Amino acid sequence: MSGRFSEEAMTRAMREIASGLEASTEDARLLRLTNNAVFALPASGLVIRIARTHRLRDRVQKVVRLAQWFAQLGAPTIRLAPGVTQPVAVGDLAASVWTYVPPTAPAPTVDDLGSALRRFHALEPPLFPLASWDPIGDARRRLADADGLSAEDHDYLAAWCDRLEPRVADLNQRVEQSLIHGDAHVGNLLRDALGGILLCDFDATCLGPWQVDLAAVAVGEARFGTSGSHRALAEAYGYDVTSDRDWPLLREARELKMIAAATPLLASSASVAAEFANRMTSVAQGDHGRRWKPFADLV
C-alpha cells in the first residue's frame, strides 16, 4: 500500500537527510516503522528518526530539548548526534538524528526496565515547560492526521476520547506530577558497550502519574500474550500497577494510545489496517482477552 507515511516515502526522506549530513546510506536499514520511521546508518554512526505524522511535529522539538537536558544531567539516555542542528526538516516532515548504539548482549530485560524507571522517576522535572500527561490530546491529534480511517471508526474513537477526558483530568489533579517516560517498555531500552542501560524514545515524555510508566508492560502482557513480564517488572520496580485504584483508567488510556497510534498509517500497510480492525473489534466488544499483534511486527 502507498501513503504519505509509507516505507517508500520515509526511505526517500531518510536519504535526503543523510545526503545533507554527508552520511553514507549504503548500509542503512529500517529498525522501526510505527509512529516513527527509524533508520540505522551504522557506518556513519547515526540513527535517523522521522515522525510519521504532521500533527505531532512539536514532539520532535520537545524530544530534542529533552535529549539536550538529559545529556547535561548525564542521565542514562540515548544521545543526539553531535554537530547536527536539530530538529531536521525534510519537506513537511520533521526528524531527529541520534548517535548509533550497536547491539550489545545480553538484550535488555524487564528487570533492567524497572531499574531504569526508578532512576528516571527520581529526576527532577526540567526547568523548561513540559506538558502534563494527555493521552486524549495525543489520540485526537492522531485522528486529525488519520489516513484511511473510516468515518465510523473515527466517530467511535472520538467518542472514546470524550468519555476518558474528564477521568484523565481528575487523575492528573489528584496525584503528584512526576517526570514520566510515557512509553516504557523493553523495546525502548538499549545496552551500551559498557553494559549500561540507556532509555530512548521520548515522544511521550511528560509530567504525570508515575504509574503510567508501569501500565505499558501490564497491558502489553494482557494483549500480546507474553508471560511473566508484568510480574518481573513489578518486582524490579517494587510496585504492582494492576493493584492500583486507577488501574482500569490506566489500562484504558494505554489501549487508546495503542489503537489511535495506527490511524495515520492505515493507508500505508494492509497488515496494520487488519490489526487495527482486530483491536477496534476487541474494544467495542469489551473483549479484554482477545490477543493483539504488535504493529512493529507487521511492517
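Just give me the residues in the stretch 48-61 being buried (at least 20 other Cβ atoms within 10 Å of the Cβ) and either modelled with pLDDT of 90 or more or polar (S, T, N, Q) (or both), in sequence order.
Result: Ile48, Arg49, Ile50, Ala51, Thr53, Val60.
Quick test for you: out of Ser178, Ser229, Ser243, Ser268, pick the one residue that is surrounded by 21 or more Cβ atoms within 10 Å (Cβ to Cβ) and among the polar types (S, T, N, Q).
Values: Ser178 fails: surrounded by 21 or more Cβ atoms within 10 Å (Cβ to Cβ); Ser229 fails: surrounded by 21 or more Cβ atoms within 10 Å (Cβ to Cβ); Ser243 fails: surrounded by 21 or more Cβ atoms within 10 Å (Cβ to Cβ).
From the options Ser178, Ser229, Ser243, Ser268, the qualifying one is Ser268.
Just one of (1) of a type in the set (D, E, K, R); (2) assigned to a loop (DSSP other than H, G, I, E, B); (3) touching a residue at least 40 places away in the same chain (Cβ under 8 Å) trips up Glu22, so point out which.
The single condition Glu22 does not satisfy is (3).
Out of Asp162, Asp138, report the one residue that is over 20 Å from the mean Cα position of the chain (by Cα), part of a helix (DSSP H, G or I) and not assigned by the TED database to the domain that holds Ser19. Steps first, please.
Numbers: Asp138 fails: over 20 Å from the mean Cα position of the chain (by Cα).
Sole residue among the options that is over 20 Å from the mean Cα position of the chain (by Cα), part of a helix (DSSP H, G or I) and not assigned by the TED database to the domain that holds Ser19: Asp162.
Is it the case that Asp244 is more than 18 Å from Leu33 (Cβ to Cβ) and touching a Gly at 6+ places or on another chain (Cβ under 8 Å)? First the steps, then the outcome.
Numbers: more than 18 Å from Leu33 (Cβ to Cβ): yes; touching a Gly at 6+ places or on another chain (Cβ under 8 Å): no.
Answer is no for this residue.
Tell me yes or no: at least one residue of the stretch 187-206 is in a helix (DSSP H, G or I), surrounded by fewer than 19 Cβ atoms within 10 Å (Cβ to Cβ) and in the same structural domain as Met280 (by the TED database). So that I can check it myself, show each step before the final result.
Taking the stretch 187-206 as the starting set, the residues that turn out to be in a helix (DSSP H, G or I) are 187-188.
The next check asks that each one be surrounded by fewer than 19 Cβ atoms within 10 Å (Cβ to Cβ); those that pass are 187.
Still in the list and also in the same structural domain as Met280 (by the TED database): 187.
Yes, the stretch 187-206 has at least one match.
In the stretch 282-299, which residues are of a type in the set (A, V, I, L, M, F, W, C) and within 24 Å of Ser227 (Cβ to Cβ)? Spell out how you get there, then give the answer.
The first filter runs over the stretch 282-299 and keeps only residues of a type in the set (A, V, I, L, M, F, W, C), leaving 283-284, 292, 295-296, 298-299.
Passing the criteria: Val283, Trp292, Phe295, Ala296, Leu298.
Which residue pairs have Cβ atoms under 8 Å apart, sit 6 or more places apart or on different chains, and have a first residue in the stretch 267-281 that is closer than 16 Å to Phe224 by Cα and a second that is of a type in the set (S, T, N, Q) and crowded, with 19+ Cβ neighbours inside 10 Å?
As it stands, the answer is Phe276/Thr263, since those pairs meet every condition given.
How many residues are closer than 30 Å to Tyr239 by Cα and surrounded by 14 or more Cβ atoms within 10 Å (Cβ to Cβ) if we restrict to the stretch 66-112?
16
Which ones in the stretch 95-125 are in contact with a strand residue (DSSP E or B) (Cβ under 8 Å, 6 or more places away or on another chain) and of a type in the set (Ser, Thr, Tyr)?
Ser96, Thr99, Tyr100, Thr104, Ser115
So how many residues does the stretch 263-291 have that are assigned to a loop (DSSP other than H, G, I, E, B) and among the aliphatic types (A, V, I, L, M)?
Of the residues in the stretch 263-291, the ones assigned to a loop (DSSP other than H, G, I, E, B) are 266-269, 285-291.
With among the aliphatic types (A, V, I, L, M) added as a condition, the list becomes 266-267.
Residues in the stretch 263-291 being assigned to a loop (DSSP other than H, G, I, E, B) and among the aliphatic types (A, V, I, L, M): 2 in total.
Please indicate, with yes or no, whether at least one residue in the stretch 44-57 is free of Cβ contacts under 8 Å to residues at least 12 places away in the same chain and part of a helix (DSSP H, G or I). Outline the logic, then answer.
Within the stretch 44-57, the subset free of Cβ contacts under 8 Å to residues at least 12 places away in the same chain is none.
No: the stretch 44-57 contains no residue that is free of Cβ contacts under 8 Å to residues at least 12 places away in the same chain and part of a helix (DSSP H, G or I).
Only one of Gly289, Gly238, Gly220 is of a type in the set (Gly, Ala, Ser) and at pLDDT 95 or above; which? Don't jump to the end; show me each part of the working.
Numbers: Gly289 fails: at pLDDT 95 or above; Gly220 fails: at pLDDT 95 or above.
When all the criteria are applied, what remains is Gly238.
Restricting to the stretch 1-20, what's the tally of residues that are hydrophobic (A, V, I, L, M, F, W, C) and in contact with a strand residue (DSSP E or B) (Cβ under 7 Å, 6 or more places away or on another chain)?
Going residue by residue through the stretch 1-20, those that are hydrophobic (A, V, I, L, M, F, W, C) are 1, 5, 9-10, 13-14, 17-18.
Next, only the ones that are in contact with a strand residue (DSSP E or B) (Cβ under 7 Å, 6 or more places away or on another chain) stay: 10, 13-14, 17-18.
Total satisfying the criteria: 5.
The values are calculated or read from the model by the stated rules, or taken from the named source; none is laboratory data. This structure is a prediction, so every number in the text was calculated from the model and none was measured. Ideal geometry is used to build each Cβ from the backbone, glycine not excepted, and the neighbour counts take in all protein chains shown.
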